[in-house]
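Student: This structure is in C-alpha cells; I'll ask about it shortly.
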There are 4 protein chains.
Amino acid sequence: MDPGALRILVTGGTFDKDYHEIEGRLFFRETHVPEMLRLGRCKVFVVLEQLMLVDSLDMTDASRQLVLQACRNASEGRIVITHGTDTMELTARTVGAAQLAKTIVFTGAMVPYTFGSSDGLFNLGSALAFAQALPHGTYVAMNGRCLHWDNVRKNKSTGVFEEPG
Amino acid sequence: MDPGALRILVTGGTFDKDYHEIEGRLFFRETHVPEMLRLGRCKVFVVLEQLMLVDSLDMTDASRQLVLQACRNASEGRIVITHGTDTMELTARTVGAAQLAKTIVFTGAMVPYTFGSSDGLFNLGSALAFAQALPHGTYVAMNGRCLHWDNVRKNKSTGVFEEPG
Amino acid sequence: MDPGALRILVTGGTFDKDYHEIEGRLFFRETHVPEMLRLGRCKVFVVLEQLMLVDSLDMTDASRQLVLQACRNASEGRIVITHGTDTMELTARTVGAAQLAKTIVFTGAMVPYTFGSSDGLFNLGSALAFAQALPHGTYVAMNGRCLHWDNVRKNKSTGVFEEPG
Amino acid sequence: MDPGALRILVTGGTFDKDYHEIEGRLFFRETHVPEMLRLGRCKVFVVLEQLMLVDSLDMTDASRQLVLQACRNASEGRIVITHGTDTMELTARTVGAAQLAKTIVFTGAMVPYTFGSSDGLFNLGSALAFAQALPHGTYVAMNGRCLHWDNVRKNKSTGVFEEPG
C-alpha cells in the first residue's frame, strides 16, 4: 500500500497544551506533533503545516474557513488535522460539507501529550492509519474508531465521540 | 464505518517487556495491551486473547502454527497481532500464505511500553485503525505505515520495516 | 543514622494537581504522595496525614493555623509538609515562628506530579532527607536546597526559592 | 544553610542505563544526571565529573581506587557518587575506610532513569540533601534513608538497602 504523501494540519487543542510552571496554568508553547512522529518512529512522508495553535473553544467561523482553505490548497490527497475536541465536530462539518476529493481525518486528545497519561500518541497513530487506508471523505478518528463527519458528536459528559443516530 | 468486532492476539515481543529490578534485566510479567487500550480511551469492541508471551527470537514453527490456528479460529473478521519485531516478517508469512478471508495486522514496538520513549502506543493505534479500514489480507503495521506480508522486511541496522522489492 | 519516625502532612498544591479530561482544567482528585513514596521505594517509616487538598492561593489564616496545630499534635519529631509554592513562605513563617522542638520541612513542586516533567519526586526525596538530617527548625526544601523559614522567598518571575537577604 | 559547592561523581550503574532499540538490550549511552538536575530545577552549585560509565558488577579494585582518588582530589567538601547498586557497599567501604574529612554520599537506582517507573530522581534528590546536611563521613542514600558505610548491605532478594547489624 503506497498511499502517497500526507499532510498534517496543526490547529492546537489539548494535544498541544503545556503546563506553564510560573503561572500554574495550561498554555500553548509549540506543537508536539513533530516530537510525537519521532517517538512513533513514523516513516510516512509527512508535510507538517501549523495553521494556528488555539483551544478549539476559541475557534471562530473564520478559523474554520482557514482550515477548509488549507485542505483545498493541499497538494496531498490525504490530510490529518489535529484539533481540540470541544468543537471538532463543527470544523469537521465545515470541511466535510465541502466534499473535497480527499481523505481528511480529524483527531485530538483528551489529555495533553506532555502528561504521562495522554491518549495523543494512540490517536495520532490511528488517524495517520485511517488517512492512508480510507476512501475520500471527512472523518473524526478518536477512541480507536473512525466516524463520518455528518454523524459524529462528542458526548460532553463522558468525553467519548459517538454516532448520534 | 462499523467494522464489527476485532480480536487482538498477544504473543509478547518488546511491546510487553518489563524491567526486572532485582535481576537488572528485561523479562515478561504480563501483557500491557489492556493498559494501552485504556490509555488510548479505546472504544472499539476488542476481544483480547493472549497466545504466549515470548521474545520473537524464541518463536518456533510450532508457535507460528499456533498463531495461524488462532487466526483461523477467531470468529472476528479483523485481527491485530502484537509480536516481537525480530521475526515478525516470518510469522506474517506463515499467516499471510494461508489466505484467510480476514484482515490481519501485525504490529510491535522497538522500545518496551514501560519505557518513556516507546513507540508502542502509536503502533497499536495505527494497527487497530488499519485492521478496521483495510480489505482482507495480512499486513505489518510499523512506523505509521502498513506493508503487505509478502513484501516486508525489518532492516536490521535501522530497525525500520521496509518493502524489499 | 536512625532519625525515628516521620510524618508527612499533605496540604495539596501543584504537587497533587491532576488534569480533568472532561472539563479540560487542573483539579484535585487525591494526593499522589503515597504513589511517589512507592516509586521512590521509600523505606522510611512514614505516617501520612492529609490536612487539606487545596491550591495554596486559596489558603486562609485558618488553614495555616490548622497546619501549625497538626505540627504541634504530631508525635513524630520530624515532619515534611507538602504545600503549594505560591504561599509556601507564608505558612512556613506561621509554623517557624512557633519555634517547635521539631524538624519541619516544607516542599512542593513547580509542575504537577502527573506530568512527565515534574520536579515533585526530586523535591520529595530531598525534603525527606533534610527532615531526617537537620536539627530542629522550620525549613523550605526546593530546588535541591534547604532554606530557613525566616529567610526564604519565591521569586515570582523565575519560580526559584531564594534567600532575600 | 550554605553548605558550599558540591561535586557529583558519575560512575554509571542502573541509573544511567538506556535501552538499545536495535539490539534490544540495556547499555550506556551517556549519563542522565544533568537532565535529572534540570528536571529537579536544582539550584545547588554542582560540579559534575564523569569517572566511568559502567555496570557496578564490572567494577574492579582499580575502579574503586579511582573513585577514592577522585574523592581525595575534589576541592569540594561535599560529594555525591552515582553508582550501580550491586556493589555499592564495596565501593562505599573503600571510600569510607579512608576517613576523608568530607561528606560523601553514594546513591543509585533500582530502575533506569529512562523508564517511567524509576526511583532515580527520588534518590538523587535525597542524596544531594544528605550530602549538604550531614557531618563528615561516607554514607549510602537509598530508599529515602541514609546508612553508614560500615553498616550497609543490599538485600539481594528484596533490593532494599539495610543495616545488617
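Student: Once you put a point 7 Å from the Cα of C:Arg72 and another 7 Å from the Cα of A:Glu49, both along the Cβ direction, what distance in nm separates them?
Tutor: Each label point is offset 7 Å from its Cα along the Cβ direction, giving 6.8 nm.
Student: What FRET efficiency, computed as 1/(1 + (r/R0)^6) with R0 = 41 Å and r the Cβ-Cβ distance, is obtained for C:Arg38 and D:Gln65, rounded to the nearest 0.05? All intermediate terms of the calculation are to be shown ahead of the outcome.
Tutor: Numbers: r = 37 Å, r/R0 = 0.91.
Efficiency, from the Cβ-Cβ distance: 0.65.
Student: Rounded to whole Å, how close does chain D get to the rotation axis onto A by Cβ? Give me the residue too, please?
Tutor: D:Gly116, 4
Student: OK, next. Write down the accessible area per residue of the stretch B:66-124 in Å², having rolled a 1.4 Å probe over the full set of protein chains.
Tutor: Working: 1560 Å² over 59 residues.
I get 27 Å² per residue for the stretch B:66-124.
Student: Of the listed pairs D:Lys102/D:Lys156; B:Lys43/D:Lys17; B:Lys43/C:Lys156, which have alpha-carbon separations greater than 32 Å here?
Tutor: Violating the 32 Å Cα-Cα cut-off are B:Lys43/D:Lys17; B:Lys43/C:Lys156.
Student: Any idea which of A:Ser56, A:Phe27, A:Val105 is furthest toward the positive side of the dipole for the stretch A:1-108, if Lys and Arg beta-carbons carry +1 and Asp and Glu beta-carbons -1?
Tutor: A:Val105
Student: Got the A:Leu57 label distances to the other copies yet, label 7 Å along Cα→Cβ, in nm, shortest first?
Tutor: Its label point is 1.6, 5.2, 5.4 nm from the equivalent points in the other copies.
Student: Hey, another quick one. Enumerate the amide H contacts of B:Ile81 below 5 Å, restricted to partners 5 or more residues apart or on another chain; note that Pro and chain-start residues carry no placed amide H.
Tutor: B:Leu9, B:Val105, B:Phe106, B:Thr107
Student: To the nearest 20 Debye, how big is the dipole of chain A about its Cα centre, given +1 on the beta carbon of each Lys and Arg and -1 on that of each Asp and Glu?
Tutor: Working: 16 positive and 18 negative charges, 83 e Å.
Rounded to the nearest 20 debye, it is 400 debye.
Student: Using a 1.4 angstrom probe on protein heavy atoms only, which residues from the stretch A:1-36 are buried by at least 20 Å² of accessible area when all chains are present rather than their own chain alone?
Tutor: With the partner chains in place, the stretch A:1-36 has these residues losing at least 20 Å²: A:Met1, A:Tyr19, A:Glu21, A:Ile22, A:Leu26.
Student: In whole Å, what are the Cα extents of the stretch C:122-165 along the three principal axes, biggest one first?
Tutor: Each principal axis gives a Cα extent; for the stretch C:122-165 these are 31, 22, 9 Å.
Student: All other residues with a Cβ under 12 Å from the Cβ of D:Gln50 taken together, and with Lys, Arg as +1 and Asp, Glu as -1, what is their net charge?
Tutor: On the way: positive: D:Arg7; negative: D:Asp16, D:Glu30, D:Glu49.
Local charge sum for D:Gln50: -2.
Student: For B:37-47, what's the mean count of beta carbons from other chains sitting within 10 Å of each residue's beta carbon?
Tutor: 6
Student: Shifting gears a bit: Kirkwood hydrodynamic radius (Cα pairs, Å) of chain C?
Tutor: Details: mean 1/r = 0.0639 Å⁻¹.
Here the Kirkwood hydrodynamic radius works out to 15.7 Å.
Student: Same structure again: Run the accessible area of the stretch C:62-110 with a 1.4 Å probe and give the carbon-and-sulfur part as a rounded percent.
Tutor: Values: 740 of 1560 Å².
Whole-percent figure for carbon plus sulfur exposure: 47.
Student: Hey, what's the Cα Rg ratio for the stretch C:17-59 versus the globular rule of thumb, 2.2 N^0.38 Å? Walk me through the intermediate numbers first.
Tutor: On the way: Rg = 13.2 Å, N = 43, 2.2 N^0.38 = 9.2 Å.
Scaled against compact globular proteins, the figure is 1.43.
Student: Shifting gears a bit: Would you please calculate the Kirkwood hydrodynamic radius of the protein assembly as shown over all C-alpha pairs and express it in Å, rounded to one decimal? Could you put the intermediate results ahead of the total?
Tutor: On the way: mean 1/r = 0.0375 Å⁻¹.
Value: 26.7 Å, from the Cα pair sum.
Student: While we're here: How far apart, in nanometres, would the label points at B:Val160 and C:His136 be if each is projected 7 angstrom from Cα along the Cα-to-Cβ direction?
Tutor: 6.8 nm
Student: While we're on this one: Scanning chain A for trypsin sites (Lys or Arg not before Pro) in DSSP loops with at most 14 other Cβ atoms within 10 Å, what's the longest stretch left with none?
Tutor: A:30-155
Student: Now for a separate question. Which distances in nm, rounded to one decimal and ordered from shortest, link the label point of C:Arg29 to the equivalent label points in the other identical copies, with labels set 7 Å from Cα toward Cβ?
Tutor: When each copy's label point is compared with this one, the spacings are 2.0, 2.3, 3.0 nm.
Student: Report, by chain and number, residues whose modeled amide H sits under 5 Å from the one on B:Met59, excluding near sequence neighbours (fewer than 5 apart, same chain).
Tutor: HN-HN under 5 Å from B:Met59: empty list.
Student: Continuing with this model, one more query. Counting other Cβ atoms within 10 Å of each Cβ, which chymotrypsin sites (Phe, Trp or Tyr not before Pro) in the stretch D:88-145 have at most 10 and sit in a DSSP loop?
Tutor: On the way: sites: D:Phe106, D:Tyr113, D:Phe115, D:Phe122, D:Phe130, D:Tyr139; in loops: D:Tyr113.
When the chymotrypsin sites (Phe, Trp or Tyr not before Pro) of the stretch D:88-145 are filtered for loop state and at most 10 Cβ neighbours within 10 Å, nothing remains.
Student: Need one number: buried accessible surface between chains D and B, 1.4 Å probe, both sides summed, DNA, RNA and ligands left out, in Å² to 100.
Tutor: 1300 Å²
Student: Separate question: Run the label-point distances for A:Gly4 please: 7 Å along Cα to Cβ, every other copy, nanometres, shortest first.
Tutor: Nearest to farthest, the other copies are at 3.2, 7.1, 7.7 nm.
Student: Looking at the stretch A:135-165, which residues lose a minimum of 40 Å² of accessible area between their chain alone and all protein chains in place, measuring with a 1.4 Å probe and not counting ligands or nucleic acids?
Tutor: Those residues are A:Asn143, A:Arg145.
The values are calculated or read from the model by the stated rules, or taken from the named source; none is laboratory data. This structure is a prediction, so every number in the text was calculated from the model and none was measured. Cβ: placed from backbone, ideal geometry, glycine included. Neighbour counts: every protein chain shown. Heavy atoms of the whole protein, side chains included, go into the accessibility calculation; ligands, DNA and RNA do not. Shrake-Rupley method; radii C 1.70, N 1.55, O 1.52, S 1.80 Å.
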